[in-house]
Amino acid sequence: MKNTFLTLAALAVFSFSSCKSPSTVKLDEAGIIPIPSSITSNSGVFELESEASIQLVGTDDDLKRVGNYLADKLRPATGYELPVSNESGNLILELVSGEASEKYSLEITSDEVKITSTSAAGLYYGVQTLIKALPVEIENTSIIEMDWPIANGKIEDEPEFVYRGAMLDVARHFISVEDVKHYIDQMGSLKFNYLHLHLSDDQGWRIEIKSWPKLTEIGGKTEVGGTEGGSFSQEDYKEIVQYASDRFITVVPEIDMPGHTNAALASYAELNPGVNLPDGDFSTMTEGKIDFNILDKNPEPAEIYTGIEVGFSTFATNKEITYTFVEDVIRELVAITPGPYIHIGGDESHVTEKDDYIYFVERVQEIVTKYGKKSMGWDEIATAKLAPGTVAQFWAKEENAKLAKEQGNQILMSPAKCAYLDMQYDSTTRLGLHWAAYIELDDSYNWDPATYADGINKADILGVEAPLWTETIDSRADIEYMAFPRLAALAEVAWSSTERRNWEDFQKRIAIQGKRWDINGIGFYRSPKVNW
């Protein structure tokens, strides 16, 4: 009898020790990024248990998708069935009446968890917050034997800016569909809602244009360094667009022009003004401009370019064939792009005569408008007349941003000195460049879009975007190392009010987020600014 008692006691100890019971942290200490508008912590916890289920209240088709997303995120680590239905459940997603917005409310009591919003997107953002309120072990993809408590409390939340974007340059180095999807997953978890794809540059053309097939056959075959490139078929692109849309992210395709166009000029000679400047040879330039006296009437195609210098290429802005080409490209892109914007580039077109540049930008905007979209472009486009609704993306010159404002147009904030994810963290960083600045984690975090540029106020700003250029980046591992943790910092800049943001508090929360990234196998940069 004594031995039996000892055996039972040992089994009880084993059972207890093999089932982790994490101490419940208060809701306002859970490490939620981006920080919500308000968090109220209450006593008690909600225990997520095996009989839990998800109830959908409302009839929107997207509501079911959000419910299934939540279930798919919780099932692997818990092993719970988590059925999704309109009948009953203690995890409630409720669409309420009112003007659709991204605002949501999350209330946690001992009996239930309830997320309410006037839109499925708002519910999706509430789900992202709920996931971050759970223990970090919820990120596992296999069953973890432990309790799943969520501290009681209430969160009210809404974004500071309507446009919260990240840009991925797939032109300098080609990025596969699967790696783009992986980036979209991380963006969704941080409440970004726009993915800007930089689809063309001097080094590569990455999107199939059926009416101009040599763009990918020739212009897409290589990349920086001379390694094999690649391109997206239109079906690939549509797959990316749908994958992003399922996570309430809108794709903005960019065709950079009239500069940054060498890949197109190598594909079709007729687009070339006649000057070929391979490998950064600027010998045919006079004071930074093309000497148009040497232009050929029958130009040769440009040489394929695999370096990283900029500013040497330009479309022939005085040829009608150029605008036929541009219209064909935009027409085909619009047909597979449901979002409102087409990005027309416009940066660093150093060898395009100023008057020709202005004429080109104004005419291309007309083409975009003709197909029912709004133009977006780098801040240089504001030196031309902007069409109503055109957005100038501020990356370099405040005076250009002011020109956009003076024309009554909005500005997308992407200042290179704090928002560019390809900048080195410091002089020892193994990847990236530093022509704009060294950007540590606190540099990404400690700036205010509404006060960054003199004369540019919050009312002038559409939102914030974090560009990742890929001159030195050619793999998922490289992307992760350069984007994280800075993308999380910029997510908070875009979502959370200045009053809510605090660097010391963010240092604590990003350390918790780092544990989630570790579980997910994301090789992020462990900034010395944080106690990981």
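Things to note:
- Amide H to amide H distances under 5 Å link Ile207 with Phe232, where only residues 5 or more positions off or on other chains count and H is placed in the peptide plane.
- Where the stretch 141-238 is the region considered: accessible area per residue in Å², 1.4 Å probe: 31 Å²
- Estimated translational diffusion coefficient (Stokes-Einstein, Kirkwood radius over Cα pairs, 37 °C, 0.692 mPa s) of the stretch 115-155: 281 µm² per second.
- Distance in nm between pseudo-label sites at Thr109 and Glu47 (7 Å out along the Cβ direction from Cα): 1.9 nm
- Compactness of the stretch 364-420 is given as radius of gyration and Dmax, 11.2, 35 Å, from Cα positions.
- Using a probe of 1.4 Å on the protein chains alone, the accessible area found for Lys26 is around 100 Å².
- More than 16 angstrom apart: percent of Cα pairs within the stretch 177-272: 57 percent
- Nearest-20 debye value, the stretch 58-117 charge dipole, Cβ charges on Lys, Arg, Asp, Glu: 220 debye
- Rounded accessible area per residue of the stretch 39-115, 1.4 Å, Å²: 51 Å²
- Tail fraction, Cα-Cα pairs, the stretch 27-139, threshold 18 Å, whole percent: 47 percent
- Cα-based radius of gyration of the stretch 220-274 once divided by 2.2 N^0.38 Å, which approximates compact folds: 1.45
- Pairwise centroid distance, computed over Cα atoms, of the stretch 435-500 with the stretch 221-235, Å: 27 Å
- Exposure ranking of Thr40, Thr337 by accessible area [1.4 Å probe, largest first]: Thr40, Thr337
- Radius ratio Rg over Rh of the chain, counting only Cα atoms, Kirkwood formula for Rh: 1.03
- Each Cα pair under 8 Å and six or more residues apart adds its sequence gap; the mean of these over the residue count of the stretch 137-279 is a relative contact order of 25 percent.
- Ranking Tyr69, Tyr104 by solvent-accessible area of protein heavy atoms (1.4 Å probe, all protein chains present), from largest to smallest, gives Tyr69, Tyr104.
- Antiparallel bridges, percent of DSSP beta bridges restricted to the chain (to nearest 5): 35 percent
- Evaluated at q = 0.10, 0.11, 0.19, 0.20 Å⁻¹, a Debye calculation over the C-alpha positions of the stretch 371-494 (equal weights, vacuum) places log10 I(q)/I(0) at -0.32, -0.39, -0.99, -1.05.
- Percent of Cα pairs in the stretch 197-244 per distance bin of 10 Å, from zero to the largest separation: 29, 51, 20, 0.
- One Cα centroid belongs to the stretch 103-180, the other to the stretch 333-401; the line between them spans 34 Å.
- Measuring nothing but how far apart in sequence close Cα pairs (under 8 Å, 6+ apart) lie, relative to its length, the stretch 194-277 scores a relative contact order of 42 percent.
- Reference-scaled alpha-carbon Rg (2.2 N^0.38 Å with N residues) for the stretch 106-252: 1.35
- Computing Rg and the Kirkwood Rh from the Cα coordinates of the stretch 420-489 gives a ratio, Rg/Rh, of 1.02.
- Both radii are taken from the alpha-carbon atoms of the stretch 296-417; with Rh as the Kirkwood radius, Rg/Rh is 0.97.
- Carbon plus sulfur fraction of accessible area for the chain, probe 1.4 Å, in percent: 48 percent
- Taking the Cα centre of the chain as reference, the dipole from Cβ charges on Lys and Arg (+1) and Asp and Glu (-1) amounts to some 1080 debye.
- For Lys114, the accessible area of its heavy atoms, probed at 1.4 Å with every protein chain present, is near 70 square angstrom.
- Karplus-based coupling profile of the stretch 495-507, in residue order and whole Hz: 8, 9, 5, 4, 5, 7, 7, 8, 4, 5, 5, 4, 4, with θ = phi - 60° in 6.51 cos²θ - 1.76 cosθ + 1.60 and x standing for Gly or Pro.
The values are calculated or read from the model by the stated rules, or taken from the named source; none is laboratory data. Everything numeric here is computed off the predicted structure, so don't read it as measured data. FYI the Cβ positions are ideal-geometry reconstructions off the backbone, even for glycines, and counts take in every protein chain you see. Accessible surface is based on the protein model in full, side chains and every heavy atom, while ligands, DNA and RNA are left aside. Shrake-Rupley method; radii C 1.70, N 1.55, O 1.52, S 1.80 Å.
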